[in-house]
Every structure is written in structure tokens, then in C-alpha cells.
Amino acid sequence: MTALAIRNGHLIDPAAGIDAPKDILLKDGKVVEIAGPGKLKSANGAEVLDATGLTVAPGLVDIHVHLREPGQGYKETIATGTAAAAAGGFTSVAAMPNTIPVNDSPETTRWMLAPERNASIRVFPIGAATRGSKGEAINDFAALKSAGAVAVTDDGHPILKDGVMRETLAAAARVGLSVIQHAEDTRLTKGCSMNAGPMAFKLGLRGMPPEAESGLVERDIRLVSELRDARVHLHVAHTSTAAAVAAVRQARRNGLRVTCEVAPHHFLLTEEHVGLYSTHAKMNPPLRSAADRDAMIEAILDGVVDAIATDHAPHATHEKEVEFENAPNGITGLETALGLCLRWLHKEWKLPLGRVLSLLSAQPAALLGLKGRGTLTVGSFADVVVFDPKAEWTYRAADTRSKSRNTPFDGWTLQGKVRWTISEGRIAHRGNGQSSIKP
Ligand code: DOR
Ligand code: ZN
């Protein structure tokens with residue numbers, strides 16, 4: 001593999017505390033040298049990428065995506081989902097197990113990792129916590145881990161039974177895996193298609209009460225605290241309510257290993273975006289009230305949120321173009337996350353660039369124990385995103401690399417244009433830096 005030298009860029013590596021002009025040399029899939037501008041010692045013969053005016057950062061890490069393979073290749077494949085990820089600056093994605101079949105076995109985990117899937121960046125499968133994600137019998141976590149699974153979850157199908165969740169937390173801790181919970185008490189949300197509130201009332205739809213989320217988060221935190229085992233790690237997926245982040249904040253004050261992620265749509269949109277039954281505003285958890293949205297922003301700014309994760313959930317056009325109540329939950333997100341975070345978290349709400357990038361790389365990588373990812377110190381994987389931090393551009397769903405176009409962000413102005421995404425030393429995406437700049 002030829003070496004790659006990224007010259008004249010501004011390196012931001014939050015985990016290493018670097019925010020300075022640096023050249024960086026990548027060889028054999030790893031970072032081999034970092035030096036001041038023009039000072040690389042071993043770059044002879046390397047292909048050079050000129051990053052003048054650009055930010056160089058660890059490749060982004062999304063710990064919550066749905067790649068739909070095996071089983072639903074018409075929505076997305078591992079190849080198309082990872083191509084969209086690379087276009088968005090991501091070099092690592094953790095793939096949820098609600099595939100067909102459910103990824104509850106080492107065989108399926110290995111199938112997802114096979115070279116035949118043509119992933120353009122690194123995929124980290126997440127194994128199902130219970131057989132078929134039915135919330136009853138716990139899977140063999142040691143076997144899933146040795147096949148490559150990095151966490152366990154029944155995402156989309158919350159584990160409701162106290163005993164099963166307790167056993168899941170304990171068994172995962174024994175083998176060093178995190179448990180990710182999609183916190184939704186489905187006994188309270190049956191037949192509901194959006195958030196409970198004035199919008200649901202106006203539209204005549206049944207609404208999911210915020211307590212369905214926060215109640216389960218509180219239950220899970222109680223279980224973690226009762227287990228009294230420092231190895232237990234609960235990660236709350238796509239937190240969307242003020243009460244749920246308040247519970248996570250308190251758990252952390254109590255010294256528990258409880259983390260949470262927030263998706264861009266939950267800190268940017270509210271139930272108002274459902275408008276007149278727009279299925280591109282339908283996802284689970286649903287868009288919430290303005291107060292909940294504000295609580296997400298506050299929790300991101302004050303550090304309670306550990307990661308931004310997209311919950312990239314592709315669905316085919318014919319599936320979304322139906323009555324609101326019959327449409328599947330989910331929106332795509334891999335290509336818009338960085339641009340939304342830079343436009344809003346950084347530019348609008350003044351979160352320093354290093355902290356935004358940390359939420360998109362260093363922290364999620366650390367959370368799932370992805371060694372050598374989320375940082376660019378010498379010896380780390382050569383996973384890099386190079387982007388123009390100032391470029392404003394308009395996102396066009398029609399240009400997506402994903403197989404699906406179910407995004408509420410079509411036509412939005414984003415900030416930060418990805419120029420190169422490099423996965424283990426190979427260029428996985430080249431952005432020309434010009435397409436759709438400013439409408
Ligand atoms: O919006 C969602 N989409 N929420 C889920 O829980 C599942 C996911 C999907 O798989 O489409
Ligand atoms: Zn999900």
C-alpha cells in the first residue's frame with residue numbers, strides 16, 4: 001500500500017490534545033509520523049494530499065447505524081451504507097442487529113464482516129442481546145464477542161423484563177461488552193406513531209409519552225446500581241427526552257457507568273416537523289417537544305452526552321410514501337451528521353470544534369472500546385477525515401450514496417465539506433469540495 005502524506009492541514013485530535021498545523025504520514029494502514037508543516041522525515045515517495053485551509057481529524061465514529069444486511073438489501077447494503085458513511089466523514093460504524101435474520105449469532109456477525117460485503121470503511125457489528133431480540137433468552141456473549149461484536153443490544157425491541165435486563169447487564173460485563181438499550185416501555189407506546197403532545201392531538205394520532213423513555217432509563221439505572229459491579233456499562237441509545245438525560249446525569253453523579261448518545265434530529269427538530277404527516281419526520285424515538293429538544297442541546301453542551309450517533313435508518317421510498325401511521329420509523333443520517341453538528345453545535349451554539357469532533361469520534365470510540373480509533377496518535381489506525389470547516393453547502397438527498405432518501409434534511413444548508421475520508425490508509429471517499437456549494 002502506498003504511503004499517504006497529508007500536508008499543510010490543521011490537525012485537531014481531541015484525545016491527544018492536538019489543535020495545531022501538522023503534517024501527517026500514513027503507511028500500511030497506520031499513522032506513522034506527525035510533524036510540523038514541511039517537517040515529515042519519512043514521506044519520500046508518498047502520495048501527497050494538500051490540506052491547505054482544511055481541518056484534519058480522526059475519522060468519525062458512528063455507534064448507531066442500521067445497514068440492513070443481511071436481509072433487506074433493497075433499503076441498504078453494507079456496501080452502500082458504508083459508502084454513505086465515508087461520504088459523511090465516518091471511518092467506523094457500529095451496525096445494529098435488527099437485520100433479517102437478527103444478528104444473534106457468531107455466523108451472522110462473521111458474515112457481516114466478510115470481505116464480500118465490500119465495506120468501504122470499518123464495520124463493527126453489535127450483537128443481539130437476546131435470541132431473536134425477543135427479550136427472553138440471553139445470547140452467548142463470549143461467542144458473539146469473539147466473532148467481532150463490540151456490544152449487545154435489542155435495539156428497536158427494548159428489553160422490558162427486569163430479570164432479563166439484569167442478566168444481560170451482568171453477562172455482558174463478564175465478557176467486557178457494553179449493553180445498549182433502546183429505552184422505550186412498549187407497554188405505553190403500542191399503536192403510537194409520534195410524540196404525545198399538542199401536535200399528536202391536532203393530527204389525531206396516538207402519542208408516545210416521554211415517560212415511556214425515561215421510565216425505562218430509570219429502571220435500567222436502578223439495575224446497574226443494584227448490580228454493584230464496576231464492569232457493568234449501560235449505554236442509552238438515542239436519548240430524546242429531558243427526563244431521560246436528567247436520569248443519566250444523576251446516575252453519573254452517583255458514580256455509575258451510564259453513558260448516552262443523542263442523534264442530530266433530536267437536538268435540531270421537534271414534533272412540529274411532522275407538519276402534515278411527513279413520514280420523513282417519523283422515527284423512534286419520535287421528535288419531541290421544544291423543551292426536550294432544548295434539553296438535548298443543554299446536555300450536549302454541558303458534557304452529559306457522550307456521543308452524537310445518527311441512528312441511520314434507511315427505508316425505501318415506497319415504504320415511506322404511505323399513511324403516517326403505517327410508515328416505518330427511521331431516517332438516514334450518515335451524510336448530514338458532520339455538517340449539521342458544525343452548523344449548529346459549533347457555529348450557532350459555540351461548542352468548540354474540538355469538542356464537536358470528540359463527540360463524533362474520540363468519545364464514541366472510547367465508549368465501545370474501539371482501540372486505535374478516534375485518535376491520530378502514531379500507531380493508531382490511519383482513519384482520517386479531511387474537511388473544509390468553512391464551506392457551506394446544500395445537502396441534496398438525490399445525491400446520496402445511500403440506497404434510501406428518507407431524510408428530513410433535504411435542502412438544508414450544512415457547514416463543513418468532506419474532502420477526503422481515509423479508512424486504514426485507503427481513500428474511501430473523495431469530495432470535490434465544489435458540488436452544491438451555496439444555493
Ligand atoms: O427510527 C427507528 N428506526 N427506530 C428504531 O427503533 C428502529 C430503526 C430502524 O431499524 O429502522
Ligand atoms: Zn436504531
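Summing Lys, Arg as +1 and Asp, Glu as -1, what charge do residues with Cβ under 12 Å from the Cβ of LEU203 carry, LEU203 excluded? Display every interim value, and only then the final one.
Working: positive: LYS202, ARG206, LYS282; negative: GLU271, GLU272, GLU323, GLU325.
Residues near LEU203 contribute -1 overall.
Quickly estimate the mean residue ellipticity at 222 nm for the chain, helices only: each DSSP H run with n ≥ 4 gives -39500 (n - 2.57), and the total goes over all residues, rounded to 500. Don't skip to the answer; put the middle values down first.
On the way: 13 runs with 112 residues, N = 439.
After summing the helix terms and dividing by residue count, I get -7000 deg cm²/dmol.
Report the extension gain between GLU136 and ALA243 in nm, rounded to one decimal, defined as 0.36 nm multiplied by the number of residues separating them, less their alpha carbon distance. Could you put the intermediate results ahead of the total?
Details: separation 107, 0.36 × 107 = 38.52 nm, distance 2.75 nm.
Full extension of this stretch gives 35.8 nm more.
Order the peptides 268-275, 81-88, 363-370, 56-63 from the highest to the lowest mean number of other Cβ atoms within 10 Å of their residues. Kindly include the intermediate steps, with their values, before the conclusion.
Details: 268-275: 18.9, 81-88: 28.5, 363-370: 22.5, 56-63: 30.4.
My ranking of the peptides, most packed first, is 56-63, 81-88, 363-370, 268-275.
Of ASN329, LEU345, GLY215, whose Cα points farthest to the positive end of the dipole of the chain (charges on the beta-carbon: +1 Lys, Arg; -1 Asp, Glu; origin at the Cα centre)?
Farthest towards the positive pole: LEU345.
Gain in length, ASP19 to LEU227, computed as 0.36 nm per residue apart minus the alpha-carbon separation, to one decimal in nm?
Here the segment from ASP19 to LEU227 would lengthen by 70.8 nm.
Let's test the formula: R0 of 22 Å, r as the Cβ-Cβ distance of ARG426 and ALA35. What FRET efficiency results, to the nearest 0.05? Walk me through the numbers on the way to the answer.
Working: r = 22 Å, r/R0 = 1.01.
According to the calculation, E is roughly 0.50.
Using the 2.2 N^0.38 Å rule of thumb for compact globular proteins, work out how the stretch 247-286 stacks up: its C-alpha Rg over that value, please. If you can, show how the numbers build up before the last one.
Values: Rg = 14.6 Å, N = 40, 2.2 N^0.38 = 8.9 Å.
Working it through for the stretch 247-286, the quotient is 1.63.
Let me spell out the model: positive unit charges on the Cβ of Lys and Arg, negative unit charges on the Cβ of Asp and Glu, origin at the Cα centre of the stretch 75-186. What dipole size does that give, in debye rounded to 20?
Numbers: 10 positive and 12 negative charges, 63 e Å.
So the magnitude is around 300 debye.
Once the other residues with Cβ under 9 Å from the Cβ of THR130 are scored (Lys, Arg +1; Asp, Glu -1), what is the net sum?
Working: positive: ARG131, LYS134; negative: ASP104, GLU136, ASP154.
Result for the neighbourhood of THR130: -1.
May I ask for the percentage of alpha-carbon pairs in the chain that lie more than 26 Å from each other?
Details: 50847 of 96141 pairs.
Counting every Cα pair in the chain, those more than 26 Å apart make up 53 percent.
Along the charge dipole of the chain, Cβ charges K/R +1 and D/E -1, which of ALA307, ILE34, GLY204 sits furthest on the positive end?
ILE34
Using the Kirkwood formula on the Cα atoms of the stretch 182-249, what hydrodynamic radius do you get, in angstrom to one decimal?
Working: mean 1/r = 0.0772 Å⁻¹.
Result for the stretch 182-249 stands at 13.0 Å.
If packing is taken as the average number of other Cβ atoms within 10 Å across a peptide's residues, how do 347-353, 173-179 rank, most packed first? Each step should come with its number before you reach the end.
Values: 347-353: 14.6, 173-179: 19.3.
Ranked by mean Cβ neighbours within 10 Å, highest first: 173-179, 347-353.
Pick out, from PHE124, SER423, VAL236, the residue whose Cα sits farthest towards the positive end of the charge dipole of the chain, with +1 on the Cβ of Lys and Arg and -1 on the Cβ of Asp and Glu.
SER423
Taking the chain as a Gaussian network, where each spring joins two C-alpha atoms under 10 Å apart, which residue of GLY330, GLY204, GLY148 fluctuates the most?
Fluctuation is largest for GLY204.
Are any of the pairs LYS390/LYS417; LYS371/LYS417; LYS320/LYS403 more than 19 Å apart by Cα-Cα distance, and if so, which? Working shown, then result.
Details: LYS390/LYS417 8 Å; LYS371/LYS417 27 Å; LYS320/LYS403 13 Å.
Over 19 Å apart, Cα to Cα: LYS371/LYS417.
Counting Lys and Arg as +1 and Asp and Glu as -1, each charge on the Cβ, what is the dipole of the chain about the Cα centre in debye, to the nearest 20? Please list the in-between numbers first.
Values: 49 positive and 48 negative charges, 155 e Å.
Once rounded to the nearest 20, the dipole reads 740 debye.
What FRET efficiency, computed as 1/(1 + (r/R0)^6) with R0 = 56 Å and r the Cβ-Cβ distance, is obtained for GLU321 and LYS371, rounded to the nearest 0.05? Before the final figure, lay out the partial values.
Numbers: r = 43 Å, r/R0 = 0.77.
For R0 = 56 Å, the calculated efficiency reads 0.85.
Using a Förster radius of 35 Å, what is the FRET efficiency between LYS190 and ARG396 based on their Cβ-Cβ separation? Nearest 0.05, please.
Details: r = 37 Å, r/R0 = 1.06.
The pair LYS190/ARG396 has a calculated efficiency of 0.40.
Compare VAL152, VAL304, VAL262 in a GNM of the chain, Cα atoms joined below 10 Å, and give the one with the largest fluctuation.
VAL304
Taken together, the values in this text are just the output of simple stated rules run on the coordinates, not laboratory data. These numbers were taken from a predicted model, which means no experiment stands behind them. So basically every Cβ, Gly included, is an ideal-geometry build from the backbone, and we count neighbours across all protein chains shown.
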